[in-house]
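See below for the structure under consideration.
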Amino acid sequence: MSLQIDRALLGQEFERVVIGPVTAEEILEYIAATAEIAAPAAGADLVAPPTFVVRARGNLFKPPRLGEIQLGFDAGKDIEFGVPIRPGDVLTSLATVHDIYEKTGRSGSMSFIVLRTVVTNQREELVAVVDQRMMYR
Amino acid sequence: MVEQLDFDHVDVGHELCPLRLTLTGEQVARYAHAARLQAGRFMSDDGARREGLPGQIAPGNMSLALFSRLIGQSFPGMRLRHLSATFRVPLQPRQRITVRGVVTEKHVSDQGSFLDCDLVLESEEGERWVTGTARVALPPPCTAASRG
């Protein structure tokens with residue numbers, strides 16, 4: 001059975017949050033947890049690892065107007081990176097419903113909602129565009 | 001020790017030196033905390049069971065970090081421009097995993113030198129749990145002029 005979703009939701013902003021200022025401690029904690037980049041030498045210019053940007057999001061995992069559908073699972077992400085994140089940056093994260101589509105697989109019909117989060121910094125530079133594909137059955 | 005490559009010395013089809021690791025439950029919880037993803041399923045087996053899962057799982061975003069780590073270790077000085085991942089099977093701690101990459105495209109434009117890579121995170125049995133792609137900007141190729 002296909003999921004009935006109001007396509008008028010497409011493109012609508014459903015959450016906007018401001019995060020930061022980002023601290024050096026947060027970046028160092030992320031580096032220590034991932035080893036994504038080498039730990040910087042003392043006094044070196046500190047830049048966050050690329051995927052640090054996934055922290056820049058709000059608390060809603062779906063638009064409130066989606067109503068009663070059960071939360072699905074995270075099927076994947078696409079990230080387009082802009083300028084890097086540094087300590088002191090204040091990030092604004094704006095979430096919209098970017099796409100809604102269905103796929104039919106061996107286990108039946110699956111509905112996908114692509115939630116797009118655009119992250120900018122205090123200079124209004126683009127930090128990243130993060131598309132998260134959520135799957136619902 | 002991971003090999004370090006530059007644009008001039010890598011060809012399409014080149015396989016990156018894989019990362020082989022086994023995540024502990026503590027490492028997953030530490031990542032979840034650092035990434036502001038503190039749902040019970042990411043923090044412990046008990047937390048996962050309270051959410052109806054058999055045991056702790058890693059956030060999908062942790063796979064992205066592992067992909068980025070592989071790329072970063074292989075191409076020093078690179079800048080990641082695009083990264084994607086499809087989460088096929090939840091990544092679980094205490095399982096031996098391998099993160100692999102292969103160069104699929106190589107091109108130079110006014111914007112710089114770029115490599116595209118296919119990425120995969122697989123189980124010890126070779127089951128593909130996460131697949132992905134990356135586009136990497138590298139320092140421009142050495143030229144006679146730039147070599148001085």
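For the reader, a short list of remarks on this structure follows.
- Filter pass, B:LEU83 being under 24 Å from A:PHE73 (Cα atoms), crowded, with 21+ Cβ neighbours inside 10 Å, facing chain A (nearest Cβ under 10 Å) and touching a Gly at 6+ places or on another chain (Cβ under 9 Å): yes
- Only residues that are open to solvent by 10 Å² or more (accessible area, probe 1.4 Å), within 14 Å of another protein chain (Cβ to nearest Cβ) and not small (Gly, Ala, Ser) were counted across the range B:97-115, and they come to 2.
- The set of residues from the range B:59-77 being open to solvent by 10 Å² or more (accessible area, probe 1.4 Å) and more than 10 Å from every other protein chain (Cβ to nearest Cβ) comprises just one member, B:GLY77.
- Looking across the range A:46-74, the residues that are surrounded by 15 or more Cβ atoms within 10 Å (Cβ to Cβ), part of a helix (DSSP H, G or I) and either modelled with pLDDT under 70 or more than 7 Å from chain B (Cβ to nearest Cβ) (or both) come down to A:PHE52, A:VAL53, A:LEU66.
- Which numbered condition B:ARG94 misses (of (1) part of a loop (DSSP other than H, G, I, E, B); (2) within 9 Å of chain A (Cβ to nearest Cβ)): (2)
- So B:ARG36, is it among the charged types (D, E, K, R), open to solvent by 40 Å² or more (accessible area, probe 1.4 Å) and modelled with pLDDT of 95 or more: no
The values are calculated or read from the model by the stated rules, or taken from the named source; none is laboratory data. Being a predicted model, the structure only gives us computed values, none of them experimental. Please note: Cβ atoms are built from the backbone with ideal geometry, for glycine as well, and neighbour counts cover all protein chains shown. Ligands, DNA and RNA are stripped out before the accessible areas are found, and what is left, the full protein with its side chains, is counted by its heavy atoms. Shrake-Rupley method; radii C 1.70, N 1.55, O 1.52, S 1.80 Å.
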